[in-house]
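So the structure is just underneath, and the comments pick up after that.
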Amino acid sequence: MKINLLNNILLSCFLLIICFSCITIKDIHEGRIVKVLHEKKLLDSIKVHEPNIDWLKARGNSVISINNEEEQEVEINIRSKIDSIIWLNITKFKKKIYRGYFKENYIKMTLDYPEKLYYEGSLDELEKNINISLSYDLLQEIIVGGSFMNYMDNKFIVQVKNNEYHLLSHRKRKTKRITNNKTKKPTDYIYQSWIDPFTYKCKRINIIYPLSGSEINVTYKNWKDIANEIIPMDIEIMVNNLDANYELKIHYKNIKFNLPQKFPFKYVDGEYKSINLNEQ
């Protein structure tokens, strides 16, 4: 029961993505030569092109698979005050199955199916129990199609491969040594991303967390211009840890920016059983 419960929690956390419709951004740069840029100039260009919003409201669909088992489709509703709150509601056939409220190192959530469950506590505690590196910043970057670079403190290695920029926090040989536990100093993460050289938008991200033995891959696709913000319409997320593999395919239908939102969360009554993550 605990494994299924933690699977539900993890899936809920990673369902935090957006949806929309508008002008599709087409690739019109075929044949152009990619310039080799200094690390600082490239990072500055990437940050300038990151989403610049204060509020977000979005709806969409998500297809979920655990350990390559049968896919399940749900509807998602996301609201966020950037750098402050993320609110998520998940339904299936208009029936609520999950509601989550996230702040910096804090989560409050209810599960309504297959049974009524409730959890309130720190993201750090949740992270320890599901064996996945999880943070508010990570969730926020996913829902806005971000590069994660604002939360990385490394100097990056810049390469040009296959007509796109490839950024790495560690070279291949160092990465191999870290993942094989052949280094003396612990490493929090190994980061790499692939950047469109003309829009400076992040196309793919891979982050390995050696201490937890987990890995996340994020792919952004089908970019659209919505209210002068370039946002991915489709996002694929793959999460692997020592216990399971999770795959989410997200398609966004509608998204609005900079409209103040409310974050409803009903009082939890005796119908809900409190989740104890330390239960054996």
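Read-outs: derived from the displayed coordinates by stated rules, not from any lab. Note that the structure is a prediction, hence the values are computed from the model and not measured. No Cβ is skipped: glycine too gets one built from the backbone with ideal geometry, and neighbour counts run over all protein chains shown.
Between exposed GluC sites (Glu not before Pro) in the chain, where DSSP calls loop and at most 16 other Cβ atoms lie within 10 Å, what's the longest gap?
Working: sites that count: E30, E69, E70, E71, E104, E115, E271, E279.
Longest stretch, sites excluded: 116-270.
May I ask for the net charge around L123, where only other residues with Cβ less than 14 Å from the Cβ of L123 are counted and Lys, Arg are +1 while Asp, Glu are -1? List each step's numbers first, then the result.
On the way: positive: K103, K108, K128; negative: E104, E120, D124, E125, E127, D137.
Within the 14 Å Cβ shell, the charges total -3.
Sum -39500 (n - 2.57) across every DSSP H segment of at least 4 residues in the chain, then divide by the residue count to get the 222 nm mean residue ellipticity, nearest 500.
Details: 5 runs with 46 residues, N = 280.
That calculation yields -4500 deg cm²/dmol at 222 nm.
Considering only the other residues whose Cβ falls under 10 Å of the Cβ of Y113, what net charge follows from Lys and Arg at +1 and Asp and Glu at -1?
Numbers: positive: K92, K95, K96, K116; negative: D112, E115.
Neighbourhood net charge equals +2.
Which angle between 0 and 90 degrees, to the nearest 10, do you get for helix 39-48 versus the longest principal axis of the chain when only C-alpha atoms count?
50
Using +1 at the Cβ of each Lys and Arg and -1 at the Cβ of each Asp and Glu in the chain, identify which of M152, H38, I231 lies farthest towards the dipole's positive end.
It is H38, whose Cα lies furthest towards the positive end.
Where in the chain is the longest stretch that carries no chymotrypsin sites (Phe, Trp or Tyr not before Pro) classed as loop by DSSP and with at most 11 other Cβ atoms within 10 Å? Can you show the working numbers first?
Values: sites that count: F93, Y267.
The answer is 94-266.
Considering Cα pairs under 8 angstrom that are at least six residues apart, work out the relative contact order of the stretch 175-231 and quote it in whole percent. All intermediate terms of the calculation are to be shown ahead of the outcome.
Details: 70 pairs, mean separation 13.6, N = 57.
After rounding, I find 24 percent.
How far apart, in nm, are the 7 Å Cα→Cβ label points at K184 and D137?
Distance between label points: 2.7 nm.
Loop only by DSSP, 14 or fewer other Cβ within 10 Å of the Cβ. Give me the trypsin sites (Lys or Arg not before Pro) in the stretch 104-211 that pass, ordered by residue number. Don't skip to the end; give the middle numbers.
Details: sites: K108, K116, K128, K155, K161, R171, K172, R173, K174, K176, R177, K182, K184, K201, K203, R204; in loops: K116, K155, R171, K182, K184, K201.
Within the stretch 104-211, the qualifying trypsin sites (Lys or Arg not before Pro) (loop, at most 14 other Cβ atoms within 10 Å) are K116, K155, R171, K182, K184.
How big is the Rg/Rh ratio for the stretch 52-134, C-alpha atoms only, Rh by Kirkwood, two decimals?
0.98
Which distance in nm do the two modelled labels at R171 and N150 give, with both placed 7 Å along the Cα-to-Cβ direction?
Distance between the two pseudo-spin positions: 3.2 nm.
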